[in-house]
Amino acid sequence: MKMHEDCLPCYLRQAMRVARICSAREEEHRAVTAAVSRLLEDIDMEQTPPANAIAVYDCIAAVTGCPDPYRDLKKLSNEQALGLLPLLRAELLASPDPLAMAVRFAVAGNSIDYGACATVDIEASFSRCRSAVMAVDHLGILLERVRRLKNGSRVLYLADNCGEIVYDQLVLEILHEMGIDLTVAVRGGPIINDASLEDALACGLDRHARLISSGVACPGTSLEHCSDELLAHFHQADLVISKGQGNFETLSEVERDVFFLLLVKCRAAGLHLAELTGMDRRLLAGEGEMVVYYSPQR
């Protein structure tokens with residue numbers, strides 16, 4: 001997905017949000033937005049929004065002196081999610097199709113996104129996800145593909161945000177019990193509230209999967225910036241599951257099949273997904289629509 005004109009004011013909103021986290025001084029807020037505004041004058045509109053976010057957040061960090069402004073909020077999101085996890089596990093045990101419900105919970109967890117959202121209501125997201133009609137519903141295709149996997153098959157799971165990675169465990173646990181060889185990729189450094197190796201280890205994801213870094217602090221999986229290790233897993237996996245809008249924005253047009261699990265949180269992403277699927281764009285307004293989208297081999 002290439003840049004959209006809506007991405008430019010979105011970067012400025014994110015910059016102001018981070019500036020206010022880092023400082024109460026209005027002059028510093030103005031300095032951050034001024035620096036990002038200058039950067040945006042020459043931004044490459046042919047790039048993906050997450051790829052351009054690397055430079056935007058580097059700029060913000062240079063002005064504020066704060067490379068990880070969401071550190072405390074990331075830790076809190078993980079702790080809150082870990083507290084809820086036993087209740088969700090119990091619900092899955094009573095479900096007629098635990099994997100299908102686990103996927104719905106994982107999609108609901110994508111609401112914990114402080115790049116796209118100023119506030120998060122995870123309880124409302126979970127309440128809705130149990131019965132909501134998905135705007136793009138390829139869940140049946142995903143379930144069929146998973147159930148056809150043989151023991152030892154390789155699955156790459158591209159993680160997204162803190163808190164969200166805890167809910168991803170519900171899917172990972174089921175795949176692990178099936179004998180799947182799981183690899184979970186997280187970010188290569190602090191960027192917004194995205195999960196790093198430190199976060200994934202703190203949440204215990206290493207009990208179910210091999211953990212790797214993308215090699216870059218990007219709020220998506222921008223293959224041209226990623227490590228050789230990530231690229232090898234991406235191209236060799238029997239199945240790739242991509243979580244979140246940032247991963248969708250960077251991988252929506254790559255030359256391999258991918259399952260995307262996300263909430264659509266902006267008009268630009270909704271328009272792109274509508275174009276890919278041939279759907280009425282009014283059904284993908286970017287207002288939190290639930291999506292499981294299968295992108296076949298191009």
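Among the candidates V63, V36, single out the residue that is buried (at least 22 other Cβ atoms within 10 Å of the Cβ), at pLDDT 95 or above and β-branched (V, I, T).
Working: V63 fails: buried (at least 22 other Cβ atoms within 10 Å of the Cβ).
Every option except V36 fails the conditions.
How many residues, within the range 238-273, are of a type in the set (D, E) and either touching a strand residue (DSSP E or B) at 6+ places or on another chain (Cβ under 7 Å) or free of Cβ contacts under 8 Å to residues at least 24 places away in the same chain (or both)?
Just the residues of the range 238-273 that are of a type in the set (D, E), to begin with: 238, 249, 253, 255, 257.
If we keep only those that are either touching a strand residue (DSSP E or B) at 6+ places or on another chain (Cβ under 7 Å) or free of Cβ contacts under 8 Å to residues at least 24 places away in the same chain (or both) as well, we get 238, 257.
Number of matching residues: 2.
Let's see how each residue does on (1) under 22 Å from E144 (Cβ atoms); (2) in contact with a helix residue (DSSP H, G or I) (Cβ under 8 Å, 6 or more places away or on another chain); (3) at pLDDT below 95:
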position: A237; (1), (2), (3): yes, no, no
position: L263; (1), (2), (3): no, yes, no
position: C266; (1), (2), (3): no, yes, no
position: A269; (1), (2), (3): no, yes, no
position: L273; (1), (2), (3): yes, yes, no
position: L284; (1), (2), (3): no, yes, no
position: V291; (1), (2), (3): yes, yes, no
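Checking P96 against (1) without any contact (Cβ under 8 Å) to a residue 24 or more places away in the chain; (2) under 27 Å from M1 (Cβ atoms), which single condition isn't satisfied?
It is condition (2) that P96 fails.
When you go through V133, V155 one by one, which is the residue that is at pLDDT 90 or above, closer than 24 Å to A232 by Cα and either in a helix (DSSP H, G or I) or of a type in the set (A, V, I, L, M, F, W, C) (or both)?
Only one candidate qualifies: V155.
Just name the residue that is farthest from L271 (Cα to Cα) out of those in the range 123-133 that are touching a Phe, Trp or Tyr at 6+ places or on another chain (Cβ under 9 Å) and crowded, with 17+ Cβ neighbours inside 10 Å.
Narrowing the range 123-133 to residues touching a Phe, Trp or Tyr at 6+ places or on another chain (Cβ under 9 Å): 126, 129-130.
Remaining after also requiring crowded, with 17+ Cβ neighbours inside 10 Å: 126, 129.
On the way: F126: 25, C129: 22 Å.
Filtering the range 123-133 for residues that are touching a Phe, Trp or Tyr at 6+ places or on another chain (Cβ under 9 Å) and crowded, with 17+ Cβ neighbours inside 10 Å, the one farthest from L271 (Cα to Cα) comes out as F126.
Within the range 182-206, can you find the residues that are touching a residue at least 24 places away in the same chain (Cβ under 8 Å), among the charged types (D, E, K, R) and not in a strand (DSSP E or B)?
Just the residues of the range 182-206 that are touching a residue at least 24 places away in the same chain (Cβ under 8 Å), to begin with: 182-195, 199-200, 202-205.
Remaining after also requiring among the charged types (D, E, K, R): 187, 194, 199.
Correct list: D199 only.
Pick out the one residue from G83, G115, G65 that is at positive phi and either free of Cβ contacts under 8 Å to residues at least 60 places away in the same chain or assigned by TED's automatic domain parsing to the domain that holds D181 (or both). Explain how you work it out, then say what you get.
Numbers: G83 fails: at positive phi; G115 fails: at positive phi.
On inspection, the qualifying residue turns out to be G65.
Inspect all residues belonging to the range 175-189 and state whether any of them is surrounded by fewer than 20 Cβ atoms within 10 Å (Cβ to Cβ) and within 25 Å of A269 (Cα to Cα).
yes
The values are calculated or read from the model by the stated rules, or taken from the named source; none is laboratory data. Since the model is a prediction, treat every value here as computed from it, not as a measurement. Using ideal geometry, Cβ is built from the backbone for each residue, glycine included, and neighbour counts are taken over all protein chains shown.
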